[in-house]
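Enquirer: Below are the structure tokens for one structure; questions will follow.
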Amino acid sequence: VQLQASGGGLVQAGGSLRLSCAASGRTFSTYFMGWFRRAPGKERLFVAGISRSTSSTYCADSVKGRFTISRDNAKNTVYLRMNSLKPEDSAVYYCAARMRYNSGWTDLKAYDYWGQGTLVTVSS
């Protein structure tokens, strides 16, 4: 599967953005999906994940209550709605797909496919 992330940009603190990740192929609904981010000089970190059927979501503590992950299997797309953005949310955001849930959401190595990333910059 190929993943294409979009929706990043420059926003003021307190603002909102919605990231999208479009997937190619007909088997999108069989993948667990996740969003990660990497700030300059830092490692890539888990942000949010969603199960195949949208019935289960999980967010990192740093974004809980502000970010929401969702998916539309009919459109082969996963979203990340980001509200109340802070300067520390500035990063390149990546979407990722995994075929099996055999380890925790935060395990980067468990993801089989990655998008190219979209840059989010939050100004203070």
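The values are calculated or read from the model by the stated rules, or taken from the named source; none is laboratory data. All figures in this text were calculated on a predicted structure; none of them were measured in a lab. Reconstructed Cβ throughout: ideal geometry from the backbone, glycine too, with neighbour counts over all protein chains shown. Side chains are part of the model used for accessible areas, which takes the heavy atoms of the whole protein and leaves out ligands, DNA and RNA. Shrake-Rupley method; radii C 1.70, N 1.55, O 1.52, S 1.80 Å.
Enquirer: Springs between alpha-carbon atoms under 10 Å, Gaussian network over the chain: tell me which of SER56, SER20, SER29 tops the mean-square fluctuations.
Expert: Evaluated over the chain, the most mobile residue of the options is SER56.
Enquirer: OK, next. May I ask you to work out the translational diffusion coefficient for the chain at 4 °C, viscosity 1.567 mPa s, via Stokes-Einstein with Rh from the Kirkwood sum over Cα pairs, reported in whole µm²/s?
Expert: Value of D from the Cα-based Kirkwood radius: 91 µm²/s.
Enquirer: Next question. In square angstrom, what is the accessible area per residue of the chain with a 1.4 angstrom probe?
Expert: So the chain comes to 51 Å² accessible per residue, rounded to a whole number.
Enquirer: Which one, VAL122, LEU10, THR106, is farthest towards the positive end of the dipole of the chain when Lys and Arg carry +1 and Asp and Glu -1 on their Cβ?
Expert: Sorting the options by dipole projection puts first THR106.
Enquirer: Quick check on the stretch 22-80: what does the Kirkwood estimate of hydrodynamic radius come out to from the alpha carbon pairs, in Å?
Expert: After inverting the mean inverse Cα-Cα distance, the result is 12.1 Å.
Enquirer: Under 8 Å for C-alpha pairs, at least 6 residues apart: give me the relative contact order for the chain, rounded to a whole percent.
Expert: So the answer I get is 36 percent.
Enquirer: Considering the chain, which cysteines have no disulfide-compatible partner, defined as another cysteine with its Cβ under 4.7 Å away?
Expert: Those would be CYS59, since no other cysteine Cβ in the chain comes under 4.7 Å of theirs.
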